[in-house]
Every structure is written in C-alpha cells, then in structure tokens.
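One structure is given below, encoded as structure tokens.
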Amino acid sequence: MHNSTLALMKKLYSLKTFTAVFLLGLSSCLYAQTGKAEFEKIFEKETGEIESAARKNFKNVKRFSYYPDTLPSWFFSPPQGLTSEMFAVGISDPDQDSTTAINQAFHRAKALAILFGKSKMQYFRDVYTSEQQAGKYTDYRQRFDTYFKVSSMAVVSDDCFSLISSHFTRYNEAIVLIRYTPANKGNKQLVVQGNALFIEAQVEDAFEVQAEYELQTAINDIGGKPETTYFMFRQKGNKTYSESRYLNAYLQFPVFVYKYVSPNYPSGILPLICYSGLWSRYSSELIQSLILTTESNKKTVKNLGQQHNPENANLSREVAQALSTIYINGIEFENDTLRINFKFDNLSLNSEKP
C-alpha cells in the first residue's frame, strides 16, 4: 500500500477514535447534567409545592424561609419576680396582623401573670386496672384518667401591667415580656382558668396517650364589655388540633412546621417544632409541669372497689390540691422538647377532693 494512503488511513482512524471518545465524554457529561437538572427540577417542584401551599394558607406571612426563628434571650431567662412584682411571657397565634398579635400576646401575658401570682391547683387521677383471661394468656390492661384545673382571680387596672420587651417571629407571632405590679385597688376583674384532661391507656406493651388542654380568660371591665380569650389544644399520637378565640372572634392559622431555636443554637441540634405555633407548645407544657408538681404533693388515694363489668376492673382515685405562687426560673429547648423550670412558693397544701 502506498505510504500516503497508509498515512491518510491512520489519520482517519485517529480522528474516528478521538470523535468516539469525545462523544462518549460528551454523552456522560450531558447525562450528568440531565440527571442534575432532573433532580433540581424535582427539588424545585416538591419544595415549591410546599411553599405554594404555605402561601395559600397563610394570610399575613409573606416571606418564607427554611431557617427557624431565633427567639430572644429573655424568653429563655425571664427576670425573676419578687413578692411585689411578677413577670410573664405571652405569645399570640401565628399568622396574625401586628395589632391583633401584640394585643393577644399582651392579654395572654396578663393572664399568666395573675395565674403565677396565686394559683389554685386541683388534681385527681382515676386508675383502672383489669385482667382478662384469654385461653392460656392473661390480658393485662391499665388506664389512667387525669383531670387538672388551675385557676386564679385578681382585681387589676391597666397601670398594673407594663411592657418590658417584644419580639415578632417570622410566622407573625408576637411574643411579649411584661411586668405585673399588684395594686390594692382596681377597676377590672381578671379571671383565668386552665384545664387538662390526660388519658393514658396501656394494653400489654401497647401504650396510647390522649391529651386536651384549655386556657380561658376574662377581663371584666366594670360597666363595660368583658374581654375573653379561649385556647384549646388537643393531641392524640402525632395528630393535633387547636382552636383559638380572642374577643369572641375565631382566629385562624394554618398547621405548619413552625421552627424555633435559642440564640445559642448549636449546629447539628434539631430546632423545636410546633405544628400549631409556639403558644400551643408553651401553654400545654406549662400545664403539664403544673400537673406533675401538684401530683408530687401530698395526696389522698382512695380505693373505690371493684367495678362489676366484663373486664372486672378495679378503680382507685388519687386526689391532690395546692395553693401556690409560681416563678419561672428558665426555659430550655432539648431534643425537640420545651422544658419549663419552675420555682414554687407553697402557700398551703391539702388533700381534699377538688
């Protein structure tokens, strides 16, 4: 074969080889880019749908962010009250306009200040136990029904309360810190009551908890229309439901992944997540802590005997009652849990039936 022809064939072979390698690399690059583009497309679609749904459900929140809201330091370390003054934090519902949010938060803070000043806590728990024979096996069951009520009342005036600090979360929640200075005279009566119904059922190793918390207040202005609020938070397993009324109007807000952290939020730690806003978690944890404190005080245990039913259940009842002044020493976020640390000045204790 002629030398020039051979040289030409080698060039064509080299060019073909280069083209094949180039096309293979280009194909891999295009595949990688296509895969990345497809991934980004799916990512934008999924996250975009969440944001679109949020935008549709929220009325006052206009900007959304992946990052949690950083709460102020005074929320976690409020000032320590004295006998002549009390401090309390109030939190509004999410997605409220600024005026409604600040007024609702201030109202709730007033109610907690009165509640902390002198609380009457009443508690009883019914304990059911049963054993049911099923062939060679015995079905063992327990159920604990706990009812708790905390209440307080005081005569006040607007001058008794002063705003110390405030914070608006990215979810349009107002959080306020107030000071309450009791007065000998006043023109308003403030009544506050919290209730909790806690049902725990156990069948062998299966365990189920249902809880419902209520907090209602009324400020009765002499000669005027009373200002009332009502908040209910219900929880069963992972399902929650809340209902809120302020000044006889229902306040609506969406179920959402509300996230909060402290100013010293360490990396790698999950934020506090509240699906019905911060107030739902704060108020329910507060009532739970009061239940545990009342339960640990002196109580009467009554054996109510055997109930003649197919389950052959035995019933006993625990009863406790306390009158106390409450101080919040601090609040902690730990493993998606809000913990409230209390200090109690017990004025009196007794074990009479509420």
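The numbers here are math on the coordinates, done by the rules we state, and not lab data. Everything numeric in this text was worked out from a predicted model, so none of it was measured.
Here are some notes:
- Cα centroid separation, segment 165-218 to segment 240-293 (Å): 10
- For segment 184-195, 3J(HN,Hα) per residue [Karplus equation, 6.51 cos²θ - 1.76 cosθ + 1.60, θ = phi - 60°, Hz, x = Gly/Pro]: 6, 10, x, 10, 9, 10, 10, 10, 9, 8, x, 10
- Normalised by the number of residues in segment 153-213, the mean separation of alpha-carbon contacts (under 8 Å, six or more apart) gives a relative contact order of 32 percent.
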